[in-house]
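The structure under discussion appears below in the form of structure tokens.
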Amino acid sequence: ILGRGRAAYENERKLAIIAADSLIDKILGLAGYSGENLGERLKQIEPSDLDSLNDLWEAHKIRNRIAHEADFKLSREDAEISLALFEKALKELEYI
């Protein structure tokens with residue numbers, strides 16, 4: 001699309017990460033993990049129960065920076081890594 005700036009694409013990447021984080025949160029909630037947010041749910045999971053647990057933590061940290069740091073700059077590379085980590089977890093959870 002002509003006229004779209006770098007900031008517009010960065011915002012789309014940020015929204016994609018927030019959406020992926022929210023999806024994982026909902027899935028874990030439906031699986032019976034209690035908590036008010038994904039961080040609380042992740043704390044209840046044993047590493048032996050979810051191979052991608054550390055990856056989820058890393059991706060969730062990026063989401064938290066997006067949500068809580070007004071001036072956080074999300075590079076395309078970091079967005080791709082974060083989304084790949086969410087995708088890995090979704091596959092392990094047999095959601096995709």
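The figures follow:
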item: Top of Ile17, Ile81, Ile62 by mean-square fluctuation, Gaussian network on the chain, Cα under 10 Å; result: Ile81
item: Per DSSP, loop chymotrypsin sites (Phe, Trp or Tyr not before Pro) in the chain with at most 16 further Cβ within 10 Å; result: Tyr33, Phe72, Tyr95
item: Student exercise, the chain dipole from Lys, Arg, Asp, Glu Cβ charges, in Debye to nearest 20; result: 440
item: Within the chain, trypsin sites (Lys or Arg not before Pro) in DSSP loop having at most 12 other beta-carbon neighbours inside 10 Å; result: Arg4, Lys73
item: Relative contact order (percent, whole number), the chain, Cα cutoff 8 Å, 6+ residue spacing; result: 35
item: The chain, helix-only ellipticity at 222 nm - DSSP H runs n ≥ 4, -39,500 (n - 2.57), divided by all residues, nearest 500; result: -22000 deg cm²/dmol
item: Nearest-ten-degree value, helix 6-30 long axis tilted from longest Cα axis of the chain; result: 10
item: Where His68, His60 fall by accessible area, highest first, once all protein chains stay in place (1.4 Å); result: His68, His60
item: J(HN,Hα) series, the range 89-96, from Karplus relation 6.51 cos²θ - 1.76 cosθ + 1.60, nearest Hz, glycine and proline x; result: 5, 4, 5, 4, 6, 6, 8, 10
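The values are calculated or read from the model by the stated rules, or taken from the named source; none is laboratory data. Everything quoted here is computed from the prediction, not taken from an experiment. A quick note on method: Cβ atoms are made from the backbone with ideal geometry, for glycine too, and the neighbour counts reach across all protein chains shown. In case anyone asks, the SASA skips ligands and DNA or RNA and just uses the protein heavy atoms, side chains included. Shrake-Rupley method; radii C 1.70, N 1.55, O 1.52, S 1.80 Å.
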